[in-house]
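FYI, it's all coordinate maths here, none of it is from the lab. Please read these numbers as outputs of a predicted model, since none were measured by experiment. Ideal geometry is used to build each Cβ from the backbone, glycine not excepted, and the neighbour counts take in all protein chains shown.
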Amino acid sequence: MEKKIIGKAYVLGDNIDTDQIIPAEHLVYSTSDPEELKKYGHFALSSVPIEQAGLPFGGKPFIDGDNHKSKFNIIVGGSNFGCGSSREHAPLSLQVAGVKAVVAESYARIFYRNSVDGGFVIPFESSSKLNDKIKTGDDVEVDLESSKITNHSSGETYRLRPLGSVYDIVKSGGLFNYARENNMI
Amino acid sequence: MGMTITEKIFAKASKKTRVAPGESVWLDVDVLMTHDVCGPPTIAIWKKEFGEKAKIWDKEKLVIFPDHYIFTKNTNANRNVDLLREFAREYDLPNYYDVGTERYKGVCHIALAEEGYNVPGTVLFGTDSHTCTSGAFGMFATGVGNTDAAFIMGTGKIWEKVPESIKFTFNGKMPEYITAKDLILQILGDITTDGATYRAMEFGGEAIGSMNMMERMTLTNMTIEAGGMNGIIAVDDVTRHYLNEIDVTQYEEFNSDEDAFYHSQYKYDVELMEPLVAKPHSPDNMDKVKNVEGTNLTKCYIGSCTGGKLTDFQFAAKLLLGQKVKVTTFIVPASTQIAKQLEAEAISGVSLKDIFTNAGCIIAESSCAACLGGPSDTIGRSVEGDVVISTTNRNFPGRMGSKLSQVYLASPLTVAASAISGEITDPRKFL
Ligand code: SF4
């Protein structure tokens, strides 16, 4: 597991549901075919209303043109991130688009579990509301050891909640790796 | 300090004497349920991760219901059911309920109850967010993604964080114009869509005691709409009677201790409540029916695991007897058993089925149907700028089909009253 995640922030509002992350109509692509898999990255966050896409100003699509990778790799959200259905394609599509970490005030339980257990992205909880402090495109750095996020564009540093009981699963890269490393399977 | 029912079940399933909220534990799973949408990817992960030696931990405990995308020409949807059928054949699964056969059941959460998989004191996981429905039987039930389900399929175990509990007490006698749906819409309005995230929602009080199991399942079903991990109702004579009828006799009953810790408590008097709706586009956008009365409708829908149970149809039929609907109205029995009951149950000597047919409703085959939109040939699906009132559970944009449509969620009484008038109508007008 990397000790630091460095990259550009993409900022979203509250209650980002799984349909905004990956709309139901796109769930038909195979997840094992590498070419079809790219579609998940291409359509990641495609249902976020354009005025909410890339806060504070909006109007910044997460994916440009035909790409399946985004130039942003750290998502900063608000409360109740990932609410809605149990679809695991939601954290998967963020991973395919190149996202390494999500930082949000709170998560819907199933999205949080799916992110950790599938080893797709690391879901960090912030101790305070950050989606009105960090701007889309800011250079940010998440430090896993000290549980902090630094915004190099503004010079501010904010506390994140320690990963706690899921730390070991995150470190292993998912539930199956964790279970193998601990001789559970 | 005492423990809540949910904590007691967690302690039992993790072989501990006590657990505390926030603690992560490994649970022994009693039943794993999956369906046609999440079953195939779950099986794919299970095969990939366990490889050659992939073994189902206990075939008796794996239950599979095709129910979501059933009556459609969509080839991807049909491919999913084919994959399940092939898997069930290859592994000789005893609990696969194939479509097109006598065994076909319909919506998974209702079928779990009817087939006796809901056993008090046990732990049930399902690859569907509404798996929380089963909590009406005094058990722990919750939804998970495909990776977690694949892990359970191979090991019979999964980690889970012990939730804090919120207690909802409903006092008073249920007025005839109030149903369980109004109660859960009230809660959603009060605590919003993330008010119970990572928490257990425990229901109790005189009004809950007077409800049958189907009404109780309406409450626990929509706990996920508040972000809840699970909903739970303690076993009482109503539960025991239901279980006895279907020969489920071996189970353990748990009750919350007097001094159990609750994150928060809410108390309601049902006699003071009014019929409610959730306005577009969120289940917590609650309002009184009387405040939106007169809203013109293009479709009415009575169905799904939330509002397609026998009791829901009994409520609706009470109003629709001898009436004609003014807008297209769909009746979708959640299970094949309920479809049969529509023929067997009667009001004033007329079967529910005849009441609906005479009123001009369209009766569809049992499945999830338009509750989640589905492929374009799904019956009841919203199109273009439809304005729909529905007994289902979610009204996010596009959930029932068209992103341009407006969906109001309400009780079967309110939907039936609105179907008769062609506009949103308070059911008290017809009672
Ligand atoms: S009826 Fe609707 S909510 Fe219930 S399982 Fe089917 S799609 Fe989900």
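Some points to look at:
- FRET efficiency for the A:Y167 to B:D190 pair, using the beta carbon distance and R₀ = 45 Å, is estimated at 0.85.
- In terms of surrounding Cβ atoms within a 10 Å radius of their Cβ, B:K61, B:K181 rank from fewest to most as B:K61, B:K181.
- Applied to segment B:188-195, the Karplus parametrisation 6.51 cos²θ - 1.76 cosθ + 1.60 on θ = phi - 60° returns per-residue 3J(HN,Hα) values of 4, x, 7, 10, 6, 6, 10, x Hz, with x for Gly and Pro.
- Listed residues A:G78, A:G118, A:G59, most fluctuating in chain A (Gaussian network, C-alpha, under 10 Å): A:G59
- Between B:D377 and B:K290, the C-beta separation translates, for a Förster distance of 56 Å, into a calculated FRET efficiency of about 0.90.
- Computed with the Debye formula from one identical point scatterer per Cα of segment A:41-110, without solvent, the log10 of I(q)/I(0) at q = 0.22 Å⁻¹ comes to -1.06.
- For segment B:215-365, the gyration tensor built on C-alpha atoms gives an oblate shape. Its axis ratio a/c (a ≥ b ≥ c) is at least 1.5, and a/b is not larger than b/c.
- Cβ-derived FRET efficiency at R0 30 Å, B:H281 paired with A:D64, nearest 0.05: 0.60
- Alpha-carbon spread of segment B:1-100, three principal axes, descending order, Å: 56, 32, 23
- Here is the size of the protein assembly as shown from its Cα atoms: Rg then Dmax, 23.5, 76 Å.
- At q = 0.09, 0.11, 0.14, 0.15 Å⁻¹, base-10 log of I(q)/I(0) for segment B:5-268 (Debye sum, equal scatterers on each alpha carbon): -0.40, -0.60, -0.96, -1.09
- When both bridge partners sit in the protein assembly as shown, DSSP labels roughly 35% of those beta bridges antiparallel.
- Where GluC sites (Glu not before Pro) fall in DSSP loop in segment B:327-402, at most 10 other Cβ within 10 Å: B:E384
- Length gained when the stretch B:K15-B:D354 is fully extended (0.36 nm per residue, less Cα-Cα span): 116.8 nm
- Its Kirkwood hydrodynamic radius, worked out from the mean inverse distance over all distinct Cα pairs, puts segment A:4-181 at 16.0 Å.
- Size descriptors for segment A:104-174 (Cα atoms only): Rg and Dmax, in that order, 12.6, 34 Å.
- Taking each residue as 0.36 nm, the span from B:K47 to B:N244 lengthens on full extension beyond its C-alpha to C-alpha distance by 67.1 nm.
- Three-way shape label, segment B:277-429, alpha-carbon gyration tensor, a/c 1.5: oblate
- Spin-label proximity, B:E384 to segment B:318-338 - amide N less than 16 Å from point 7 Å beyond Cα toward beta carbon: B:328
- Taking the number of Cβ atoms within 10 Å of each Cβ as an exposure proxy, the fewest-first ranking of A:R113, B:R89 is B:R89, A:R113.
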